[in-house]
Amino acid sequence: MSELLRHPRVMKKLQKEVQNVVGDCEFVEESHILKLDYLDMIVKESMRLHPVATLLPPHESMEDIVINGYHIKKKSRIIANNWGIGRDPRNWSENVDEFLPERFIGSNVDYMGNNFQLIPISSGRRSCPGIHLGTIMVKLVVTQLVHTFDWELPFGMSPDELDMEELFRATVPRATHLLAAPTLRSLP
Ligand code: HEM
């Protein structure tokens with residue numbers, strides 16, 4: 001929601017997609033979510049820039065291995081820097097800091113752990129078992145919010161004034177609460 005409020009262009013484009021798919025249904029359903037391609041790109045882009053866990057939980061290597069010339073000994077403690085991977089220009093080109101869902105157009109990269117440039121749920125046998133539930137909930141809530149309401153920042157605040165500071169803990173919440181003013185949308 002923070003990135004949508006900071007990027008009115010993206011918000012409008014999403015509302016248009018939702019309008020086309022959900023139409024005049026009052027409530028968004030799971031069957032709608034599967035048809036919302038732009039929403040999916042927005043969720044990927046949000047997970048790239050704002051992964052729930054910046055450093056993935058520690059894992060232990062099971063055998064000696066060499067990866068990209070680095071010798072990793074058996075029983076080493078491995079901590080992947082999820083935040084850094086999502087902002088590495090070698091993976092994402094120079095505009096890494098920009099919130100640009102369109103970067104996923106025509107791309108097969110997803111967040112299921114098969115593409116190492118985007119691993120918000122980690123990868124392999126200990127990756128998150130709740131990802132389907134998690135993403136469907138995020139998508140249902142965001143879609144319902146933008147379908148039912150138009151959103152503005154309060155007190156005439158402009159999008160680039162929104163404080164995006166995050167607290168670096170085991171998970172990374174906003175440092176300050178997001179305040180936004182809803183206006184009920186009239187469905188056509
Ligand atoms: C979008 C939402 C979610 C994100 C981004 C997320 C992210 C993660 C991450 C990064 C891990 C650590 C994986 C590792 O050890 O390398 C994890 C583990 C786990 N998650 Fe999630 N998660 C989400 C939703 C959920 C939900 C909804 C549930 C349960 C209903 C859940 C249950 C678990 C469990 C049980 C583990 C431990 C797996 C294991 O150690 O084998 N997660 N998750």
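The values are calculated or read from the model by the stated rules, or taken from the named source; none is laboratory data. The model shown is predicted, which means the values in this text are computed figures rather than measured ones. Methodologically, a virtual Cβ is constructed for each residue, glycine included, from the backbone with ideal geometry; neighbour enumeration extends over all protein chains shown. Just so you know, the surface numbers come from the protein's heavy atoms only, side chains and all, with ligands and any DNA or RNA stripped out. Shrake-Rupley method; radii C 1.70, N 1.55, O 1.52, S 1.80 Å.
One equal scatterer on each Cα of the range 1-75, no solvent, Debye formula: the resulting log10 I(q)/I(0) at q = 0.11, 0.18, 0.24 Å⁻¹ is -0.51, -0.80, -1.15.
Legend: translational diffusion of the range 19-149 by Stokes-Einstein, Rh = Kirkwood radius over C-alpha pairs, 25 °C, 0.890 mPa s; D = 148 µm²/s.
Grab the beta carbon distance between Glu152 and Asp24, set R0 = 25 Å, and tell me the FRET efficiency rounded to 0.05. According to the calculation, E is roughly 0.60.
Rounding to the nearest 10 and keeping the result within 0 to 90°, find how far the Cα-based axis of helix 8-22 lies from the longest principal axis of the chain. So the helix axis and the longest Cα principal axis differ by about 80 degrees.
For the residues Leu34, Leu5, a 1.4 Å probe over the protein chains yields an accessible-area ranking, largest first, of Leu34, Leu5. Once the Cβ-Cβ distance of Leu145 and Ile72 is raised to the sixth power relative to R0 = 45 Å, the FRET efficiency obtained is 0.55. Remark: spin-label model distance Met164-Thr183 equals 2.5 nm, labels positioned 7 Å along the Cα→Cβ axis. Taking 0.36 nm per residue of separation and subtracting the current Cα-Cα distance, fully stretching the chain between Met137 and Lys35 would add 35.2 nm. The range 108-176 and the range 37-80 have Cα centres lying 17 Å from one another. The listed residues Phe99, Phe149, Phe27 rank as Phe27, Phe149, Phe99 when sorted by accessible area, largest first, using a 1.4 Å probe. In the range 95-188, the ratio of gyration radius to Kirkwood radius, Rg to Rh, stands at 1.01 when only Cα atoms are counted.
Measuring with a 1.4 angstrom probe and ignoring ligands and nucleic acids, Met157 comes out at about 70 Å² accessible.
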